[in-house]
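Below is one structure, written out as structure tokens; the observations come after it.
The values are calculated or read from the model by the stated rules, or taken from the named source; none is laboratory data. Please read these numbers as outputs of a predicted model, since none were measured by experiment. As a convention, Cβ positions derive from the backbone with ideal geometry for all residues, glycine included, and neighbour counts pool all protein chains shown. All accessible areas refer to the heavy atoms of the entire protein, side chains included, with ligands and DNA or RNA removed. Shrake-Rupley method; radii C 1.70, N 1.55, O 1.52, S 1.80 Å.
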Amino acid sequence: MNYFLIRRLAPFFVVSVLVEFVTLALLLSVERSYVDWAIMPMTKTVGILLKTTTISFIFIMVPYVLYLWLMPAKKINTQIDKNITKAIFGIFVFYNLFEETMSLVFWNKFSAAFNMTAIEYLLDMREVASDITQNYLFAAYIVGLLLITRLVVRTFDKYLFVQVPSPHWFKRTVYAMIYLSFCGLIYVNINENELEINENYYNNELSKDGTYSLGRALWKSNINYKELLPLKIKNNNIFSEK
């Protein structure tokens, strides 16, 4: 894979891993009495978490890879490229922070990573809104996440751009096709049994990246969203009178 592409993606990956492992540390401290702290189970937990985080990251970054492919080479590292990349990085950071916050909310309620229950729970907007407003300072969390996002963007600003000439369009096309093909190979070769290799329930649940778990639950769910979602919106309108 092209050095330019790897360097451009590296700051995103570092943030993704850091956020995920900070969340893991928080949950380990909360569930310390139930977790198997032996070396092998913890090694498996950390290894699977890194694997699922990497899988999620690879798919999430597809739009940015396409952007780097389609952006004219003469525009790379110019001010417009820097502005667009900073905006994408900011959105990426905020998404990761928000997703982990919602993972913590869901864990606090169900003691599990996102699963099919999460889909039904998130579709019940009135219950979600009630849980958030009653148990969490949601507005404060959003403001806090925005402030942390700004701090992270400023910290990583100098690492977002590399003074390496962008490959010409043909090479970038080859690299983009390799990246997309790699995504396809990952998709068809994921073995879920290999992701739950701990005997301890909590070790298994803690090893699941939030985005990966939610995506898997959405894919495996038999919910008819076209029929159910409008009905949920109508019956659970959070702005309607109780």
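Listed values for the stretch 146-163 are Karplus-derived 3J(HN,Hα) couplings in whole Hz (6.51 cos²θ - 1.76 cosθ + 1.60, θ = phi - 60°), namely 5, 5, 5, 4, 4, 5, 5, 4, 5, 5, 8, 3, 6, 9, 6, 10, 10, 7, and x replaces Gly and Pro. Per residue, the stretch 1-48 exposes an accessible area of 53 Å² to a 1.4 Å probe, with every protein chain left in place. Expressed as a fraction of 2.2 N^0.38 Å, the value expected for a compact globular protein of N residues, the C-alpha radius of gyration of the stretch 43-83 is 1.71.
A simple rule links phi to the HN-Hα coupling: the Karplus curve 6.51 cos²θ - 1.76 cosθ + 1.60 with θ = phi - 60°, which for the stretch 50-55 gives 5, 5, 5, 5, 5, 4 Hz, with x for Gly and Pro.
Couplings 3J(HN,Hα) for the stretch 177-184, derived from phi with the Karplus relation 6.51 cos²θ - 1.76 cosθ + 1.60 (θ = phi - 60°), are 5, 5, 4, 5, 5, 5, 4, x Hz, where x marks Gly and Pro. Measuring between their Cα centroids, the stretch 81-95 and the stretch 167-213 lie 22 Å from each other.
For Glu199 and His168 in one chain, what is 0.36 nm times their gap in residues minus the Cα-Cα distance, to one decimal in nm? Don't skip to the answer; put the middle values down first.
Working: separation 31, 0.36 × 31 = 11.16 nm, distance 5.01 nm.
Between Glu199 and His168, full extension yields an extra 6.2 nm.
Placing +1 on the Cβ of every Lys and Arg and -1 on the Cβ of every Asp and Glu, with nothing else charged, gives the stretch 30-92 a dipole about its Cα centre of roughly 280 debye. Here the gap between Phe161 and Tyr141, fully extended at 0.36 nm per residue and compared with their Cα-Cα distance, gives a gain of 4.2 nm.
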